[in-house]
1. Which of the residues belonging to the stretch 108-118 are over 26 Å from the mean Cα position of the chain (by Cα) and either loosely packed, with under 10 Cβ neighbours inside 10 Å or within 17 Å of residue 69 (Cα to Cα) (or both)?
2. Closer than 30 Å to residue 135 by Cα and surrounded by 10 or more Cβ atoms within 10 Å (Cβ to Cβ): which single residue out of 86, 24 fits that description?
3. For the stretch 119-131, how many residues meet the condition of being over 28 Å from residue 66 (Cα atoms) and either assigned to a strand (DSSP E or B) or outside the structural domain of residue 94 (by TED's automatic domain parsing) (or both)?
4. Here's a check for you: in the stretch 120-136, which residue that is surrounded by 10 or more Cβ atoms within 10 Å (Cβ to Cβ) and without any contact (Cβ under 8 Å) to a residue 24 or more places away in the chain is nearest to residue 95 (Cα to Cα)?
5. On the given criteria, is residue 69 under 30 Å from residue 89 (Cα atoms), modelled with pLDDT of 90 or more and either outside the structural domain of residue 105 (by TED's automatic domain parsing) or not in a helix (DSSP H, G or I) (or both)?
6. Looking at this structure, is residue 81 free of Cβ contacts under 8 Å to residues at least 60 places away in the same chain, in a helix (DSSP H, G or I) and loosely packed, with under 10 Cβ neighbours inside 10 Å?
């Protein structure tokens, strides 16, 4: 049973190396422990963020309808040419939906623009983004 003697000798050699190099052994174990802890922490953080995003989207409810030019999700092979010629929803569209949707609890209009100059009296801001929504 040569194989058992080889395995036994390998374990004795490893045990002697661990005993003789205590500092290296301790530092190696510390590094492995810290690495495992960081992997668990990052995994927990990603899961928590995913759950928070999912719960905030779920708060919108399954009875919510969005009418907009661009979809919410983009990917690497996004067919932008399907959406580029679509018109932006207008205030006229908002009023038509609001008037015709009898069972809707609320209808809201939102508009946004970016990289504009905003002026008020003698003050102005260049390169500003503006978001506005109707009060519903």
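The values are calculated or read from the model by the stated rules, or taken from the named source; none is laboratory data. Please read these numbers as outputs of a predicted model, since none were measured by experiment. No Cβ is skipped: glycine too gets one built from the backbone with ideal geometry, and neighbour counts run over all protein chains shown.
1. Residues of the stretch 108-118 that are over 26 Å from the mean Cα position of the chain (by Cα), as a first pass: 116-118.
Residue satisfying the conditions is 117 alone.
2. Details: 24 fails: closer than 30 Å to residue 135 by Cα.
Within the list 86, 24, the selection yields 86.
3. 6
4. We begin by selecting, within the stretch 120-136, every residue surrounded by 10 or more Cβ atoms within 10 Å (Cβ to Cβ); these are 124-125, 128-130, 133-134, 136.
Going one step further and asking which of them are without any contact (Cβ under 8 Å) to a residue 24 or more places away in the chain, we end up with 124-125, 128-130.
Details: 124: 31, 125: 31, 128: 28, 129: 25, 130: 21 Å.
That would be 130.
5. Working: under 30 Å from residue 89 (Cα atoms): yes; modelled with pLDDT of 90 or more: no; either outside the structural domain of residue 105 (by TED's automatic domain parsing) or not in a helix (DSSP H, G or I) (or both): yes.
No, not satisfied.
6. Numbers: free of Cβ contacts under 8 Å to residues at least 60 places away in the same chain: yes; in a helix (DSSP H, G or I): yes; loosely packed, with under 10 Cβ neighbours inside 10 Å: yes.
So residue 81 fits the description; yes.
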